[in-house]
Amino acid sequence: MEAASIDDGMARGEGPSRNRVSRRLILYVHGFDPRGPGIVHALQREDAVRESARPDRTLTVGPRRRQSNASAWSVEAVWPEGQVANTFVALRWDDLVRSRWDRTLTGQARGLMRWVSAYLRTGAMEALVGASRTMAIGALALPVVVAAFLLAGLIVTVAVGFGLAAVAAAFGLPPWLGLAAPGLLLLLPDLWRRLDAKVNLCWLGRGHLHMVELSQGAIPSLDARIDAFADRLLHEAKSGDWDEILIIGHSSGSIHAADLTGRALQRDPTLGRVGPGVALITLGHCMPGYSMVGPTPVYAAALAALAEARQIRWLDITAAADPGAGGAWSPLRHSPYDEARVERRSPRFHKALSPEAFRALKADPMAYHFQYMRACDDPAVYDWTRLAFGPDAFSRAGAR
């Protein structure tokens, strides 16, 4: 009877029904990315033009506003069901990423050895390689390519050295001129930078190292930042300003999105039951990697709270073909919790995009990893815009 009265109120224009949203807050946690939220804002503005050309939606993305540890902007969406005022808040930790973004080759080499050693010691490498071909590529690509690059450089240097010695001897010059060949090794750093600029393997390696450093408690400033994010979630939930709050974590940001939601639930177990509906959406997650190398006690307790809080709907959207994610696994794989706690959905980019667009996407791993937050050619297959900014109360539909 109560539900009927709410629906009747909506029909009279007295407020939204439980299944409709007019004011939504989105708290977004980015991955291990030093660029800041400007990239996401730019993608949304680009997609807004494309999406507004469809007959069933109009999107307007407002300018960015700087906040404490965050950037925010409006995403006004008009649908046949009504208008939705979305506020998108990017919770920022890119300053902490930049502080750990070692650009020197020696630093990157040390990082590579650290995360490979940790993955081998904990069995994470074996598990990733055994899970699927895509996850094997993600785990082995950087160490294999680095080893092959160095071996190729050594072979070329030795071959050039022998060649120079032979030419010198043929012209009656001393053969020790072939010793000049090792000078070619000085070109390797620049050649590596050029190669990595195309394939972004070091980016992937830094993400793996980030999970190792998390497990070792090596980033206390990030721990404090996540506490502040959890406090903001609780403040917004009690403000009365929102019909719904979505927490969205992308890539390694999925770890921190789950963490902040769990910490908020530890402080207020009524979150999502009292006040606005609350839901967690993880995109291109890599959570099992962290679970395998050993999460901190603080994270483990937060994940336990989240696993028990069934009023918080948790949807994961991860493509099995994404080498930058744990696509073959549930976010709760290698954790003590029931994997069925998380709803899982494939974006099916191969069907959601035109053949030409999908071929281009496969050729660009970074673009593939960000496609979860992009408009697709066929919204009937995957409609990120409606999921994130639409009129439907996503959190209420799945709460249980």
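Cβ-Cβ distances below 6 Å connect no pair with a first residue in the range 362-385 that is more than 20 Å from Gly249 (Cβ to Cβ) and among the basic types (Lys, Arg), a second residue that is buried (at least 20 other Cβ atoms within 10 Å of the Cβ) and modelled with pLDDT of 95 or more, and a separation of six or more residues or different chains. Gly153 falls short on exactly one of the conditions (1) open to solvent by 50 Å² or more (accessible area, probe 1.4 Å); (2) without any contact (Cβ under 8 Å) to a residue 60 or more places away in the chain, and that condition is (1).
The set of residues in the range 118-144 being open to solvent by 50 Å² or more (accessible area, probe 1.4 Å) and either under 14 Å from Met292 (Cβ atoms) or under 23 Å from the mean Cα position of the chain (by Cα) (or both) consists of Leu120, Arg121, Thr122, Glu126, Val129, Gly130, Arg133, Ile137, Leu140. Screening Asp241, Asp223 for residues that are surrounded by fewer than 23 Cβ atoms within 10 Å (Cβ to Cβ) and either outside any loop (DSSP other than H, G, I, E, B) or in contact with a Leu (Cβ under 6 Å, 6 or more places away or on another chain) (or both) leaves exactly one candidate, Asp223.
Residues considered: Ile248, Ile255. Of these, the only one that is modelled with pLDDT of 95 or more, farther than 18 Å from Leu25 by Cβ and of a type outside the set (S, T, N, Q) is Ile255. Restricting Gly183, Gly178, Gly172 to those that are part of a helix (DSSP H, G or I), modelled with pLDDT of 70 or more and of a type in the set (Gly, Ala, Ser) reduces the list to Gly183.
Scanning the range 42-101 for residues that are within 22 Å of Phe229 (Cα to Cα), of a type in the set (Lys, Arg) and touching a residue at least 24 places away in the same chain (Cβ under 8 Å) turns up Arg64, Arg92, Arg98, Arg100.
Of the conditions (1) open to solvent by 40 Å² or more (accessible area, probe 1.4 Å); (2) at pLDDT below 95, Arg348 fails just one. Which one is it? Among (1) open to solvent by 40 Å² or more (accessible area, probe 1.4 Å); (2) at pLDDT below 95, the lone unmet condition for Arg348 is (2). Cβ-Cβ contacts under 9 Å between residues 6 or more apart (or on different chains), taken from a first residue in the range 259-270 that is surrounded by fewer than 17 Cβ atoms within 10 Å (Cβ to Cβ) to a second residue that is in a helix (DSSP H, G or I) and charged (D, E, K, R), are listed as Arg267/Asp231; Asp268/Lys238; Pro269/Glu308.
Looking at the structure I just gave you, is Arg114 open to solvent by 20 Å² or more (accessible area, probe 1.4 Å), closer than 14 Å to Cys202 by Cα and modelled with pLDDT of 85 or more? It is true that Arg114 is open to solvent by 20 Å² or more (accessible area, probe 1.4 Å), closer than 14 Å to Cys202 by Cα and modelled with pLDDT of 85 or more. For residues in the range 63-100 being touching a helix residue (DSSP H, G or I) at 6+ places or on another chain (Cβ under 7 Å) and part of a loop (DSSP other than H, G, I, E, B), which is least open to solvent (accessible area, probe 1.4 Å)? So the residue we want is Trp93.
The values are calculated or read from the model by the stated rules, or taken from the named source; none is laboratory data. All values reported here derive from a predicted model rather than from experimental measurement. Every residue, glycine among them, receives a Cβ derived from its backbone with ideal geometry; neighbour counts consider all protein chains shown. Side chains included, ligands, DNA and RNA excluded: accessible areas come from the protein's heavy atoms. Shrake-Rupley method; radii C 1.70, N 1.55, O 1.52, S 1.80 Å.
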